[in-house]
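Below: the structure, in structure tokens.
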Amino acid sequence: MKFFFQGGKKLSPLCALISMCIFYPLCSNASEGFEQAYKPVMVGNVRIFRPIKLRPDTVVKLSSQVDGEYTNLAWTPSRQAKYYQILKFDGQTWQVVVPSTTASYYRYHGTGSFRVVACHRYGCSSDSPDNTKVEGGLAIKALYTEGDSAVMAGSTIRVGWQLSGATNAVIHYSQNGVSNAFQASSFTKGTRTFYVHSNSSVTLTAYGFNGASESTSINIATLRENPFLSKRIQSEYKQPLFDLNLDIIERTIFQNEHHLFFSTHDGKLYFFRAHKELDSPVSWHQEWSLTLDGVVNSAPTITEHYLYFNETNSNNQGRICQVRLSDKQLLKCSAYEDDALLTSPVIVNNDGDYSAKFMDSLSGEQKAAGVYAFYQSGKVKIFDQQGLAPQPQSFTLTEHIEQPVINTPTLFLNKKNIQGLSELFLVKDQDQVLGVAIPTSGSVQQQSRSVGVLSLSALSESKPMTVLWRGAL
């Protein structure tokens, strides 16, 4: 067949086909008002366009829920769809009752059997699922990992879920800054396996009727041999603890002359002693380690050949302990208090080389001697230095502080005998420091002698400590 244009010029087959599309309605209109889709095909050296059927993906699931005179409809979105048509069965045939809606849900005035088809400019999907009735409100009942929530890098983990009232569910798996979406295999309960290469997260989003949605997430951690040491950096400065391969709590490190103490996150307390050889740098040799019931959060205190430290267990209970320095023997601890101890012990009026000895104070009143425990809530208790027996009178800073006590108070001794100043505790509270008077031995002893007069409830009440002054840092 030969093609000629006006004037007798001969046209190639490709130009002739394009001319037909311009002058005839075949290219612009298919059945039911949709456009005709074409696919380019090579015939010899000539490219021609053949008409094809092009339909969106079928809606996988249609859910319905009767609400009085209305029916709530919701369906899984089709990726190629530009809009949806809703069909209703009239007893004999399926009739289009909603010709176009762009949302994936609809509230229809009426009841019956429905279908939903996905449509775009070239047509609608031929198949449509029957509606499935959904009972109950939308809720994510559970999102969990089967087995441990922490896995080795490079392994797999299975994530499970349970839903109610869901019409669609999508899972987003995020790892290394990249997020991928997956269609849930079931809208009631199911599982999916993921490959884990680093710390990641799983977010489940469940959709219901009328555009309702709920989301929840879980984090998945990867196990490392020692995550605290994996980022260590060796610098030009000498770091004596660098090669110990221990997970050290930094604020527990205490070094005094040839003694070195620190605690680790796995609940151990270590004592190292300095070793010096001629023309060689100082090295530290481990003397002993002590396994604890809890964790030490601040530096211990050494005095009179004993080590004093505060310990807090997993139940947030705190106690004060002492152990002989030379051989970790004679370990003795007070009873647990339902209050965390994040500070160090503060020892008052002792004769040891590493603690302060009070002389006669300016006021002529002796301070209450012992081991002071400053609890997180602001409660203060005094323990006998030898046997760690508690004094019957306890004290409190609760009325004077805004934040929990996490920093060890400083003992001010007024060694220069500045007139008008007495020994006191310096307590940090946010951006302020409080000058707190040290209880006198008379106030504690008087309370102790009055056991026969005072009730037990009165003895158990904490006495407010006296704040002498307050200043900004």
Checklist outcome for this item: FRET efficiency (THR102, VAL43; Cβ distance; R0 30 Å; to 0.05) is 0.15
Checklist entry - Plugging the Kirkwood radius over Cα pairs into Stokes-Einstein for segment 89-202, at a temperature of 10 °C and a viscosity of 1.306 mPa s, what D comes out in µm²/s? => result 91 µm²/s
Next on the checklist: Could you check the spin-label model distance between TYR144 and GLU304? Points 7 Å from the Cα along Cα→Cβ, value in nm.
Outcome noted: 5.5 nm
Checklist outcome for this item: For 292-302, 136-146, 58-68, 278-288, ranked highest to lowest by mean beta-carbon neighbours within 10 Å, the order is 292-302, 58-68, 136-146, 278-288
Next on the checklist: Need one number: nm distance between label points at GLU402 and ASP57, each 7 Å from Cα along Cα→Cβ, rounded to one decimal.
Outcome noted: 5.5 nm
Checklist entry - How high is the FRET efficiency between ASP327 and LEU426 when r is their beta carbon distance and R₀ equals 30 Å, given to the nearest 0.05? => result 0.30
Checklist entry - Taking amide hydrogens as modeled 1.01 Å from N in the peptide plane, which residues meet the under 5 Å criterion relative to GLN432, leaving out close sequence neighbours? => result LEU473
Checklist outcome for this item: Distance in nm between ASP338 and LEU278 label points, each 7 Å along Cα→Cβ, equals 6.4 nm
Next on the checklist: With a 1.4 Å probe and all protein chains left in place, how much of the accessible area of segment 49-90 comes from carbon and sulfur atoms, in whole percent?
Outcome noted: 51 percent
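Rounded to the nearest 0.05, what FRET efficiency do LEU468 and ASP384 give with R0 = 25 Å and r taken as the Cβ-Cβ distance? Could you check?
Numbers: r = 26 Å, r/R0 = 1.05.
Working from the Cβ atoms, E equals 0.45.
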Checklist outcome for this item: Between ASN131 and residues 5 or more places away or on another chain, the pairs with built amide H atoms under 5 Å apart involve PHE114
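The values are calculated or read from the model by the stated rules, or taken from the named source; none is laboratory data. Just so it is clear, the structure is predicted and the values come from calculations on it, not from any experiment. Note that we place each Cβ from the backbone using ideal geometry, even for glycine, and neighbour counts take in every protein chain shown. Surface areas here come from the heavy atoms of the whole protein model, side chains and all, with no ligands, DNA or RNA. Shrake-Rupley method; radii C 1.70, N 1.55, O 1.52, S 1.80 Å.
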